[in-house]
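Take a look at the structure below.
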Amino acid sequence: MKSFSRSANHIGIDMGSSQTRIFSENRLLLDERTVVAVDSKTNEMVGFGTDAIIRYHSNPQRIRLEWPIRNGAMVDYYYTKGILTYFLKKVLKQALARPEIVLSISSGLSSVARHALIDAVMHAGAQKAFLLPVAAAAALGQGIRLDTPDVVLSMNIGQDVTDCGMFSCGGVIAQEQVVFGGRTINEGIQAYMRESLQIIIGMDEAESIKQDMVSVVEDGLDMTFAVHGRRVVDGVSVVMQMTSSRMYPIIQMYLEPVAELAERIIRQASPDMAEDLLKHGLLLTGGTARLSGLDKWLANRLGIPVRVPEHAEISAVMGCSRTLDEYKKIPDLIESGEKYYGRN
């Protein structure tokens, strides 16, 4: 594996289905939507990230939005290359050296998809590109060493994909992903409101309910909150009442794949690893990690401590940036783009 050159710009990128984040030199340089504005008549890309959203709202008849990352994988090479090129130019500005980039990826990403992603980032202007599993990146972002005999269990819940990995001695003991994320919970809330209240709510309303009104475990507070939507029968706008106690079992039901994923990974630990798991527990990151009561629910389910760190939503991109200092210690975790591109 080629080493990182200290003369180049070092950048970590976490490019998810919803957000793209770029981190370097202990600073979050960019946090924007992973979206492209496309002119429907010419099919030309006319905006990226925040600018794409603005352009769409200014002329929705002419502009459409394209999301090039879905379920943790690139679905459109052309748009992905375009958005990466734009974001890199935006954060690098007048930098002379082409950057060396570490990207976080889902553990289940295929070889073909990895090749395409490396190709896109190289054509976007990278000097070298490397791939790092997102669960490992999240642990590194919290300053956890992965090159020691200690067992590290890490889970990252993204918008569409959840990754869980167990690491030790600079290698992978077990890792797996499931198609589940914050969007899944929102869709579950939408489905429940349609079934129980006979109303249709938007994704923004579901997100607001998830963030502010519900918990995964009973907290002794049975709040009543307003739900804004349209009646199924006639589309008339209405405001209905819902209680938080009715939401507990619904949220837990939709979170079941997360618990089952963690259990599958833990079952692959040998008996002598149990002490580390009981001591260090599970590191839980990603935006959905902050869902009220999720850490307590998982801890009770798994029988180990669950920790949600500060800045959980940017742990992965922080880890990608810090990997530049750790690559010699964890070469089995970092994949060089040279494998796919032929030169790096």
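A compact table of results
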read-out	value
Selection count, the range 87-142, where residues are within 23 Å of His311 (Cα to Cα) and assigned to a loop (DSSP other than H, G, I, E, B)	3
Only listed residue being within 21 Å of the chain's Cα centre (by Cα) and under 22 Å from Gly181 (Cβ atoms), chosen from Leu146, Leu109	Leu109
Test for Ala95: is it at pLDDT below 95, surrounded by 21 or more Cβ atoms within 10 Å (Cβ to Cβ) and not assigned by TED's automatic domain parsing to the domain that holds Leu261	no
Single unsatisfied condition, Lys90 versus (1) among the charged types (D, E, K, R); (2) crowded, with 19+ Cβ neighbours inside 10 Å; (3) out of contact with any Asp or Glu (no Cβ under 6 Å at 6 or more places or on another chain)	(2)
Flag if Lys41 is surrounded by fewer than 16 Cβ atoms within 10 Å (Cβ to Cβ), closer than 23 Å to Thr323 by Cα and not aromatic (Phe, Trp, Tyr)	no
Qualifying residue in the range 158-173 (condition: in contact with a Phe, Trp or Tyr (Cβ under 7 Å, 6 or more places away or on another chain) and of a type in the set (Gly, Ala, Ser))	no
Wholly enclosed helices (runs of 4 or more DSSP H) of the range 292-344 bearing at least 1 residues over 21 Å from the mean Cα position of the chain (by Cα) and among the hydroxyl-bearing types (Ser, Thr, Tyr)	338-341
Whichever residue in the range 67-86 is of a type in the set (A, V, I, L, M) and assigned to a strand (DSSP E or B) and, among such residues, is nearest to Met15 (Cα to Cα)	Ile69
Hits in the range 258-274 (condition: in a loop (DSSP other than H, G, I, E, B) and either touching a Cys at 6+ places or on another chain (Cβ under 9 Å) or not small (Gly, Ala, Ser) (or both))	Gln268
Set Asp119, Asp14: member being over 27 Å from Phe180 (Cβ atoms), among the charged types (D, E, K, R) and buried (at least 17 other Cβ atoms within 10 Å of the Cβ)	Asp119
Breaking point among (1) in a strand (DSSP E or B); (2) under 23 Å from Pro309 (Cβ atoms); (3) of a type in the set (Lys, Arg), for Arg145	(1)
Residues of the range 44-66 classified as in a loop (DSSP other than H, G, I, E, B) and either among the basic types (Lys, Arg) or buried (at least 16 other Cβ atoms within 10 Å of the Cβ) (or both), total	2
Selected residue (criterion: nearest to Asp276 (Cα to Cα)) from residues of the range 146-204 that are out of contact with any strand residue (DSSP E or B) (no Cβ under 8 Å at 6 or more places or on another chain) and charged (D, E, K, R)	Asp147
Sole exception among (1) buried (at least 19 other Cβ atoms within 10 Å of the Cβ); (2) aliphatic (A, V, I, L, M); (3) more than 20 Å from Met74 (Cα to Cα) for Ala129, by number	(3)
Which numbered condition Phe180 misses (of (1) crowded, with 24+ Cβ neighbours inside 10 Å; (2) aromatic (Phe, Trp, Tyr); (3) in a loop (DSSP other than H, G, I, E, B))	(1)
Residues (surrounded by fewer than 14 Cβ atoms within 10 Å (Cβ to Cβ) and at pLDDT 95 or above) located in the range 17-38	none
Residue satisfying condition, being in contact with a strand residue (DSSP E or B) (Cβ under 7 Å, 6 or more places away or on another chain), among the hydrophobic types (A, V, I, L, M, F, W, C), surrounded by 12 or more Cβ atoms within 10 Å (Cβ to Cβ) and in a helix (DSSP H, G or I), within set Leu255, Leu277	Leu277
Residues being within 30 Å of Glu207 (Cβ to Cβ), buried (at least 19 other Cβ atoms within 10 Å of the Cβ) and either out of contact with any strand residue (DSSP E or B) (no Cβ under 8 Å at 6 or more places or on another chain) or aromatic (Phe, Trp, Tyr) (or both) - total across the range 285-344	2
Evaluation of Gln241 against (1) among the polar types (S, T, N, Q); (2) out of contact with any Ser or Thr (no Cβ under 8 Å at 6 or more places or on another chain); (3) not in a helix (DSSP H, G or I) (one fails), failing number	(2)
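The values are calculated or read from the model by the stated rules, or taken from the named source; none is laboratory data. Just so you know, these numbers come straight off a predicted model, no measurement behind them. Here the Cβ is made from the backbone with ideal geometry for all residues, glycine too, and neighbour counts use every protein chain on show.
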